[in-house]
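Student: Right, I'll just put the structure down here and ask away after.
The values are calculated or read from the model by the stated rules, or taken from the named source; none is laboratory data. Everything numeric in this text was worked out from a predicted model, so none of it was measured. All Cβ positions, even for glycine, are placed from backbone atoms using ideal geometry, and neighbour counts span all protein chains on display. Ligands, DNA and RNA are excluded from the accessible area calculation, which covers all protein heavy atoms including side chains. Shrake-Rupley method; radii C 1.70, N 1.55, O 1.52, S 1.80 Å.
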Amino acid sequence: MSRRWVKSDLPPPFLKRLSFLEERVQADEFPFNIPAFQRGKLVLDFERPITIIVGENGTGKSSLLEGIADLCGFNLSGGNRNHVYSSDLSQATIGHALRGSWLPKVTRGFFLRAESFFNFGHYVDALPPDSTCPNPRVPYGGKSLHEQSHGESFLNLFTHKFRDEAIYVLDEPEAALSPKRQLQFLKLMRLLELEGSSQFIIATHSPILMAYPRAQLLMFDGRVIREASLSETPHYQLTRNFVMNPKAMMDELFAEVDAELADD
Ligand SMILES: Nc1ncnc2c1ncn2[C@@H]1O[C@H](COP(=O)(O)OP(=O)(O)OP(=O)(O)O)[C@@H](O)[C@H]1O
Ligand SMILES: [Mg+2]
């Protein structure tokens, strides 16, 4: 694969630390009222080019990623600082209360939120050609994102758009990807890791993505966000148990349903 990229003199991670500016924290209001964001509790050190964020539904992963995207100056509906469009998504973030320690400060990158990728497709379709880019769809695989399947459009974005010294903030990128395509996505990340010019911060429920070797795994665990190993995550444990014996797990689940019905 031939690629052009801007290599950094300094290796990623570029965003090295994230902490709250306590005077800007409004502890009782969303999103600061999320348990893991309680006053003074948020300090995250990014130690690797790839950070994977895991946690149960509703623990605050997307709220954290929105805050980071906000800090980076990215369009909160998805995209980067050059992508100017809006959607109906809530814009309340912890971004204005975050202090980022960078080396160097990078401004390139992309915020991907699965639920608004459709709106981003509209935005790309409406882009006018200009002298630097006669076909604005080329960086997105050469055709409208709406003319590609969900998974194809995601992978085309990853393949054609991700390069340069940049930070990529991705919320559940696996949403559109089959297990096989998730492996392809891991290969793309590996390519970018070897180029030494990209930082990824990814929230995921996919044990496949969590298995990325030497990624820093951060887990929302009650009121804290802590480092974890793959085998410690409930996602890995539950998926492993399910795959080892799907019938036993289904029998157990359905027995619970039967018991609940018997109680009614
Ligand atoms: N606009 C909002 N106003 C108030 N509370 C919200 C809002 N959006 C999310 N929340 C609450 O904030 C908490 C964290 O939500 P968030 O979307 O960050 O979780 P998540 O970890 O990304 O979950 P998931 O795995 O389901 O994507 C949840 O309890 C959610 O109900
Ligand atoms: Mg989420």
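Student: State, to one decimal in nm, how far the label point of Leu261 lies from the label point of Val243, with both points 7 Å from Cα in the Cβ direction.
Tutor: My value for the distance between the label points is 3.2 nm.
Student: Here's a follow-up. Quick one: with all protein chains in place, what share of the accessible area of segment 12-55 is carbon or sulfur, to the nearest percent (1.4 Å probe)? It would help to have the intermediate numbers written out before the result.
Tutor: Values: 820 of 1970 Å².
Carbon with sulfur: 42 percent of the solvent-accessible area.
Student: Related question: Provide Rg over Rh for segment 191-230; use the alpha carbon set for both Rg and the Kirkwood Rh (inverse mean inverse pair distance).
Tutor: Numbers: Rg = 11.6 Å, Rh = 11.6 Å.
Taking Rh as the inverse mean 1/r over Cα pairs, Rg/Rh reads 1.01.
Student: Now, a different point. Would you mind checking Lys41/Lys161; Lys16/Lys41; Lys187/Lys247; Lys105/Lys180 for any pair whose Cα atoms are more than 23 angstrom apart? Working shown, then result.
Tutor: Values: Lys41/Lys161 35 Å; Lys16/Lys41 17 Å; Lys187/Lys247 32 Å; Lys105/Lys180 35 Å.
From the list (Lys41/Lys161; Lys16/Lys41; Lys187/Lys247; Lys105/Lys180), the Cα-Cα distance tops 23 Å for Lys41/Lys161; Lys187/Lys247; Lys105/Lys180.
Student: I need the peptides 247-255, 61-69 ranked by packing, meaning the mean over residues of other C-beta atoms within 10 angstrom, with the highest value on top. List each step's numbers first, then the result.
Tutor: Numbers: 247-255: 10.4, 61-69: 24.0.
Descending packing order for the listed peptides: 61-69, 247-255.
Student: Going Cα to Cα from Lys61, which aspartates and glutamates come in below 12 Å? Please leave out same-chain ones fewer than 8 positions away.
Tutor: The reachable aspartates and glutamates, counting only those whose Cα sits under 12 Å from Lys61, are Asp171, Glu172, Asp221.
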